[in-house]
Amino acid sequence: MSMNAFTSRLGIQHPIIQGPFGGGLSSVRLAAAVSEAGGLGSFGAHHLCPAQMREVIRDLQTATAKPFNINLWVSRHDPGAEVMTAAHHEQGLRQFAPIYERLGIAAPPIEPPDDFSFEQQVKVILDLQPKVFSFVFGIPNAEILRECARRGILTVGAATTLDEAEALDEAGVDMIVATGSDAGGHRPSFLRTAEDSLTGTLSLVPQVRKITRRPVIAAGGIAEVGGMRAAFELGADAVQIGTAFLACEESNCPPPHREALFTPAAARTRLSRRFTGRLARFMSSPLLDELEHSTHPALPFPLQAAFNRPVKAEGVRRGDAELLPLYAGQAAPLLQHHRASDLMRELIAGLV
Ligand SMILES: Cc1cc2nc3c(=O)[nH]c(=O)nc-3n(C[C@H](O)[C@H](O)[C@H](O)COP(=O)(O)O)c2cc1C
């Protein structure tokens with residue numbers, strides 16, 4: 001399985017992708033380490049403005065001459081959440097005021113809207129031409145896909161259900177990530193609600209395999225050789241691994257979060273909208289329980305995240321994992337490696 005249609009299309013050695021992390025958890029160091037080891041390093045850039053994206057891509061191009069992947073979110077706001085209104089602000093405060101008070105921190109002001117769009121972010125990709133452009137939460141329009149093809153940028157879309165895989169296939173994306181509900185991070189569903197799109201990796205990968213001739217990338221719950229081999233057995237052409245790379249010292253994960261991933265508490269994860277407004281998988285924690293039990297509803301994405309941000313900053317300042325959104329997939333108890341090079345070495349040795 002070491003070299004296949006996937007690796008030769010990308011010009012890489014091993015069918016192993018380091019999953020992108022949005023929201024500042026990706027690092028140039030991690031992506032470059034994985035690409036240098038013969039896999040595909042990724043950088044999640046959905047939160048970056050075009051100028052910041054340019055800088056990251058230039059830094060990656062300096063750090064490695066090998067292919068890498070830049071990831072964006074096609075949908076960056078839930079409907080009605082483009083602008084934070086006074087009513088949103090009040091709803092956010094109702095959920096978070098007791099927490100701010102307890103921690104002695106200030107509530108955030110009404111946030112101004114972003115001053116950049118997905119289309120402006122895509123312009124940077126078209127201009128700087130990373131080998132791979134992956135995306136979640138939707139499908140870019142036909143013109144964007146055509147421009148990527150014209151410039152030799154491979155497009156990779158993510159499906160959480162069979163319907164989404166069919167839609168990606170019909171749209172003509174080059175490769176499809178079949179992302180099971182075991183995965184860490186957000187559930188990037190775009191046809192139905194995330195709650196209604198919770199197919200596990202073991203079920204989803206073979207279903208997607210059956211409906212497309214394009215390379216299928218298995219994501220969710222893979223952290224060691226056994227899971228990787230199982231994914232290939234199910235028909236995947238490559239694996240995308242998130243949580244196990246997030247736990248490596250090269251990632252931009254806050255140290256208390258990284259340490260928490262190696263504790264027995266990582267065996268309990270749950271899906272919640274309470275940290276960002278979109279459904280994502282986190283380690284269970286008293287803070288998450290408290291937010292889940294709030295009688296006030298969560299705000300849509302990204303407005304909910306603005307209220308969590310001061311709590312997260314305080315968690316980083318105090319070095320307190322319990323104040324952080326502890327993103328983790330269900331395979332977290334299997335983690336063994338603290339360095340990306342060690343994880344890559346084990347996975348590569350397990351390729352048969
Ligand atoms: C903290 C975190 C952030 C993530 N952010 C993104 C993202 O912005 N874009 C994306 O396509 N996938 C994102 N993912 C998903 C991963 O790239 C990968 O597909 C997933 O983690 C695989 O499942 P695993 O965690 O069980 O290995 C994220 C995952 C985590 C854990």
Ranking by accessible area, most exposed first, for Thr62, Thr199, Thr7 with a 1.4 Å probe: Thr62, Thr199, Thr7
Keeping every protein chain present and rolling a 1.4 Å probe, give me the accessible area per residue for the chain in Å². 41 Å²
Once amide hydrogens are built 1.01 Å from N within the peptide plane, the residues lying 5 or more places from Lys131 or on another chain with amide H under 5 Å from its amide H are Phe68
Can you list the lysines whose alpha carbon sits under 21 Å from that of Lys131, skipping same-chain ones fewer than 8 residues off? Lys66, Lys123
Rounded to the nearest 500, what is the 222 nm mean residue ellipticity of the chain from helices alone, with -39500 (n - 2.57) per DSSP H run of 4+ residues and division by all residues? -12000 deg cm²/dmol
Using the Cα atoms as the points, what is the convex hull volume per residue of the chain in Å³? 121 Å³
Projected-area mean, the range 128-227, by convex hull of Cα positions, square nanometres: 6.7 nm²
Solvent-accessible ranking of Met344, Met3, largest area first, probe 1.4 Å: Met3, Met344
For the range 186-301, state the average projected area of the convex hull of the C-alpha atoms over all orientations, rounded to one decimal in nm². 8.8 nm²
Report the Cα centroid-to-centroid distance between the range 150-227 and the range 272-292 in angstrom, as an integer. 23 Å
Sorted by packing (mean other beta-carbon atoms within 10 Å per residue), highest first, where do 68-79, 92-103, 151-162 land? 151-162, 68-79, 92-103
Residue by residue through the range 78-90, what is 3J(HN,Hα) from phi via Karplus (6.51 cos²θ - 1.76 cosθ + 1.60, θ = phi - 60°)? Round to whole Hz and write x for glycine and proline. 6, x, x, 10, 6, 10, 7, 8, 4, 5, 4, 4, 5
In whole percent, what relative contact order does the chain give with Cα contacts below 8 Å and a gap of six or more residues? 19 percent
Find the Cα radius of gyration of the range 1-150, compare it with 2.2 N^0.38 Å by division, and give the number to two decimals. 1.27
Cα Rg over Rh - the range 77-139, Kirkwood: 1.16
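The values are calculated or read from the model by the stated rules, or taken from the named source; none is laboratory data. Bear in mind that the values here come from a model prediction, so they are computed numbers and not experimental data. All Cβ positions, glycine included, derive from the backbone under ideal geometry; neighbour counts span all protein chains shown. The protein model used for the area step is the full one, side chains on, heavy atoms only, and it has no ligands, DNA or RNA in it. Shrake-Rupley method; radii C 1.70, N 1.55, O 1.52, S 1.80 Å.
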